[in-house]
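Take a look at the structure set out below.
The values are calculated or read from the model by the stated rules, or taken from the named source; none is laboratory data. It should be emphasised that the depicted structure is a prediction, and the values quoted were computed from it without experimental measurement. Every residue, glycine as well, gets a Cβ built from its backbone with ideal geometry; the counts of neighbours run over all protein chains shown. SASA here: full protein model, heavy atoms, side chains in, ligands and nucleic acids out. Shrake-Rupley method; radii C 1.70, N 1.55, O 1.52, S 1.80 Å.
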Amino acid sequence: MVIKNSRKSLKLSLNSKTMRLFGVIIAFLLLFSCEEPFSPDIGNSSNRLVVDCMITNDTIPVELNLSRSVPVNNYEFVPEQNAFAEIIDNDGRSVSLSEKEPGSYISSDDDFKAVSGKMYKLHIITSDGNEYMSDLQKLNEPIEDISLKYSKEMHTVGQNNDLEEGYKFYVSTKIPDKQKSYLMWRMVETYEY
């Protein structure tokens, strides 16, 4: 290998021992830097009832989506049809949900609005007669002071570590100490062409 400088030329020679050592180091790094595939044993988790519902204090109708789980390598959507579903509050009042399309149920009472501080549970009877009931869950007071910031960033994705532009969100708020909370937020993407 020859390295040229404007003032003089410098010759470097690598002997065969150095080249072999360099080759062994590269092989060692390649051998131990490979990723092992991870295949968890998930057993038979198909045909379980999947429930997706969120009760809020908004005046929009409550939506409930019922489906059946499928094996991990199957992408088929299997809606749970003809089920009976209702929301029951801690005073015993209930609001039924009716099926608007296969597996998708909506509250039948347009005036239904959950009240902060009250407790609610979901009661479902599937078409095959199986009955499911959640525990009563308290609808906490809404959080008033929320700060949301975002930044555009580049990050790597996929097995090839391709660079892709995306957004990182920073959410900050103060939750009352007495309130046990799990926060969830949904983002609806809007594109401009």
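Would you pick out the residues in the stretch 34-68 that are farther than 30 Å from residue 113 by Cα and open to solvent by less than 80 Å² (accessible area, probe 1.4 Å)? Within the stretch 34-68, 40, 43, 45, 46 qualify. One residue stands out in the stretch 73-105 among those that are of a type outside the set (D, E, K, R) and touching a His at 6+ places or on another chain (Cβ under 9 Å): the one that is surrounded by the most Cβ atoms within 10 Å (Cβ to Cβ), namely 85. Scanning the stretch 137-164 for residues that are in contact (Cβ under 8 Å) with a residue 12 or more places away in the chain and open to solvent by less than 70 Å² (accessible area, probe 1.4 Å) turns up 139, 140, 142, 143, 147, 151, 153. The number of residues in the stretch 65-89 being within 20 Å of the chain's Cα centre (by Cα), in a loop (DSSP other than H, G, I, E, B) and among the charged types (D, E, K, R) comes to 1.
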